[in-house]
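What follows is a short report on a single structure.
The values are calculated or read from the model by the stated rules, or taken from the named source; none is laboratory data. Note that the structure is a prediction, hence the values are computed from the model and not measured. Positions of Cβ are backbone-derived with ideal geometry, glycine not excepted, and every protein chain shown enters the neighbour counts.
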Amino acid sequence: MITISSVIQKLEQATEGSWELDCEIYEIFHGPEGDEPWPGCPAHYTTSVDAALTLVPEGWRVEDLSQGRQRSLWYVNLWPISKKNWDDNEKQAYSEDRPSPALALCIAALRARLEPDGQLG
């Protein structure tokens, strides 16, 4: 069974985006289609920043998306819209040292969805 947690683990190990990862993410949101896994998976979550942004749950915002310490790695931080500043003790979702901005966004957005009010769907 594909779960958000299992997909996050695979994304954290990925060195680049892939159709297989895109389809696993797609299945989380849309369920399996037919007997064959992902016969027409249209998403490009792991290779497109625009597609990855669609995973950010409602009520959350991208606070930071930037290159990390090493120019080839990316960092992203998501905050609930209600969070006003760093002193707030509210939750956040992040990903760091990822090989692409799309992968970093996917991980952070899926982590946000694991939060109690980062509802799926």
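Whenever a residue of the range 63-88 is farther than 16 Å from Arg113 by Cα, its partners that are small (Gly, Ala, Ser) and modelled with pLDDT under 80, lying with C-beta atoms within less than 7 angstrom and at least six residues away or across chains, give the pairs Trp74/Gly68; Tyr75/Gly68.
Which residues, taken from the range 99-121, are closer than 18 Å to Arg69 by Cβ and either at pLDDT below 85 or surrounded by fewer than 23 Cβ atoms within 10 Å (Cβ to Cβ) (or both)? Answer for the range 99-121, where residues must be closer than 18 Å to Arg69 by Cβ and either at pLDDT below 85 or surrounded by fewer than 23 Cβ atoms within 10 Å (Cβ to Cβ) (or both): Pro99, Ser100, Pro101.
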